Structure formats: structure tokens, C-alpha cells
1. What's the number of the condition Q333 fails, among (1) over 30 Å from S256 (Cα atoms); (2) free of Cβ contacts under 8 Å to residues at least 24 places away in the same chain?
2. With respect to N230, is the statement that it is among the polar types (S, T, N, Q) and within 18 Å of D307 (Cβ to Cβ) true?
3. Give segment 110-138 a look and list any residue that's within 30 Å of S168 (Cβ to Cβ) and surrounded by 16 or more Cβ atoms within 10 Å (Cβ to Cβ), or say none.
4. Taking segment 139-162 as the region of interest, how many residues are within 30 Å of G118 (Cβ to Cβ), within 37 Å of the chain's Cα centre (by Cα) and surrounded by fewer than 17 Cβ atoms within 10 Å (Cβ to Cβ)?
5. Given the conditions (1) modelled with pLDDT of 80 or more; (2) not in a loop (DSSP other than H, G, I, E, B), and given that A108 satisfies all but one, which numbered condition is not satisfied?
6. With the checklist (1) over 26 Å from G231 (Cβ atoms); (2) without any contact (Cβ under 8 Å) to a residue 40 or more places away in the chain; (3) in contact with an Asp or Glu (Cβ under 9 Å, 6 or more places away or on another chain) in hand, flag the one item S150 doesn't pass.
7. So which residues in segment 237-258 are surrounded by fewer than 17 Cβ atoms within 10 Å (Cβ to Cβ) and closer than 23 Å to D176 by Cα, if there are any at all?
8. Return the only residue of A341, A316 being among the small types (G, A, S), without any contact (Cβ under 8 Å) to a residue 60 or more places away in the chain and touching a strand residue (DSSP E or B) at 6+ places or on another chain (Cβ under 6 Å).
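The values are calculated or read from the model by the stated rules, or taken from the named source; none is laboratory data. Computed from a prediction, not measured in an experiment: that's the story for all the values here. FYI the Cβ positions are ideal-geometry reconstructions off the backbone, even for glycines, and counts take in every protein chain you see.
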Amino acid sequence: NMPGLTVGNFATPGSGNVTLNWSAPNQASGVTLADGTVLFDLCFNVVGSDGDQTGVNFSSNPLAISITNSSDSDVPLQSTNGFIDVVQNCAPPVIDNSNVTNTCPDLADGSIAIQVSGGDSNYDFEWSNNASSQNINNLSAGSYTVTVTSCGIETTATFNVQEFNGPSINNIAPTDVACFGDNSGAIFLNVNASSPTFQWSGTGNIPNPTAQNITGLVAGSYSVTVTDANGCKASSGTIQITQPVAALNVVVSTVSDVDCAGDDNGAIDLVVTGGTPGYDYDWTPNLPNVQDPTGLSGGMYSVEVIDDNNCSFTIAQPIQIVEPDALMIMVDQINDETGTANGSVFVTIEGGSGSYQYLWTGPNGNMITQDIINLTAGEYCLTVTDNNGCEATTCVDVIKPLEIQLDSIVNTCFQQSAGAIYVT
């Protein structure tokens, strides 16, 4: 309502100073204002902090403040200094957003993250677990309350951290190595988990370490970690894959040869070690399923030994059971040609085993030499026994000369042919 008073009448010649230069030359009749009328408002940009106070003074420096009317008469000015108080109107802090991460079983790895607005951007945080940071971590399942304070105003919120079910390993089924030193071991798992992944570790090379079930394992120690869709983990602990304490091995201990030609008293003794007891024996030619066969005839034999885990061992070289040649007696006989006990029998022995023993029986009594001489006529029988007790027997007749006795008949008449000779 003041004629001629505009924003252009004001200036700020320096920090902390405001000048006003105003006149209304065409307003001859003046303006009547009620007491207490506000002539103009000054607006400030607040640069102080809440509670600061700055004085506002009328200054006559460098010139005295003067107010004149249209008649160039001075109008007295009564000034009253004042103050500017900085008072901040603070809105309550607001928790705009939150992110709660639940915890895995027995791990206390939950977290709460919050976003705050409002207030004066200087926030104090006080959590029910005595934390003082904006976001909190390593939380077990439970309820957590935060109080956010800004410019003296508090805002409170409560969050719940829950516990995931987490993965579980329900059953572990290891398969031990069947044969010493091979890679026939395996481990099979039954798990309860959401979209599980697997990570195996252990002895030697694992063909597929991220599979649920693993095969092709050597003997040793293994473990697995199962991770579900929430990142929760379950571990198996140590899983042991064993193997037989030693490799299956077969050694021929003794071979008993056949004693005599045509007999079947040979035998083979084996020593079997290692593998898994419960052995089967596959003999060639076909024999009973025994470790140490007996009653064998001469020939070549081979065997494959199979243990209870179906591991096998075959003796590299065939096993020979030796059968001696048949014991034979060949006789060279000389008769008692003169009848004066000068007969003899000479023999040649073939076959059998080792040295021979001789036993003659006959008219001259028992004799134990290979050849016999000075024999009277009669039957002589020889039994030859070799080192294995095999026997051969033969008999020969030593013949003496014939004894001829002549009986004669003389012709009774001259020139008759009635004579005769009789021989006995």
C-alpha cells in the first residue's frame, strides 16, 4: 500500500547490510496508515544453525538516516533494533525402505538394512541389540527394534529375522573299493534342499566334484558341502571309502607229482592272500571248486581265483604234475645148458623214478641183485621197486638140458628089421 515502494528500492551493498531509498513525489496527499502497519518485509536465506541469533540494527553510517516529507520538513524517526532467530522446522525421520535377510540355521548370518529420510540428515541409530550403525549384520533369528533420532525427534521400527529351514543330508551311502588299488568306490546322497548345489573334496581325483552322487573313487576320505537356493549350507563330515587290506595274490606252495604211471595221486597246494575272503577256484581242466585239489593225474593245470568282491587272480604259468614212465623189465635169459647150475638171467630196467630195488624168488632162494647167475633150472620171478614204491614183476624159466635114456631092441634074427630104439 505504499506508493512507489518496490523491490527495486532495496539494495545489499555488503554482507550484513540492506539499504532502502524510497520516495513518492507524485503522492501529494500522502497515505494514511494505521499504527503498527508493516511497511515492508525482508526475507533472508538462513545460513546459521538451529538456535543461532543475529541482531538487526538501523545504522546511520556513513550518513544519518533522514526522513522528509513533501515540504522538505524532517520527519522524526524512532528506530527499534531487533533480532533474527534461526529456528529450523524439522520433520520426523522416516524409514523409507528396509531389506531383511534371514539367517541360515546355526550361523547367525542374517542382516537388516534400512533407508532413512526426513529430519536434518544427521541420524542416530539405536538398535535393541545395542548396535549403533544404520545397518546390522551377523544376526540370529529374532525381533530387532531400531530407534532413529534426528533433530530431537525419534522414529521407531521393528523387524523380524527368521531362520531358513536350510539343507539337510538325510542319508549317505558309500560303496567301498572292490579290488585293492582300483577306483570302483562311490558315494550316494539323499538330501532335502531347495535347488541344491554340491561341492565334493577328498582323496585323489573326483571325476565330477559338483554332482550329487560321485563314482570312480579310490580309497580315501571324502566330504561334501550342500548349498541351497538361500545360500545355506550343510556339510557331511568325513566319509571313508575303504578297500581290501592287500591285493589278491595266489602262490603255488607245493606240487605233488604222480607216483606211478597211470596213478591219479597228484596234488596241488595253493597259498591265497589278500582280496576279500570267500574265494572260488576255477580250474582247467575242470576240477572241483577247492583251493588244494588232490587225486590228480599227470598233466598241465591252470587256475583263476575269484574273491568275494569278484576280484580275480590267474597264475601266469600252468602247473605241471609229472607222471613217470611206466616201469618196464626187459629180460635176457641164458638157460642151464649143461645141467650143472650155470644158468643166468640178465635184465634191463626202464621207466619209474630214481633207483631200483630188486627181489628175485626161485629155486636158488631170494636174491636182491639186478642180474642173477649160477642158476639151476626152474622158474625165477623178479619184482622191481623204484623210489616211489612203484613195482613191476616178471617171471622167467631157466631150462636145463634134456636127459636122454636109450632103450634098444636087438633084432632077433639075422637080417630082420625088427630092431628098435626108445628114448626117454
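1. (2)
2. no
3. Of everything in segment 110-138, those that are within 30 Å of S168 (Cβ to Cβ) and surrounded by 16 or more Cβ atoms within 10 Å (Cβ to Cβ) turn out to be G110, I112, I136.
4. 1
5. For A108, the exception is condition (2).
6. (2)
7. G237, T238, Q240, T242, V245, A246, A247, N249
8. The match here is A341.
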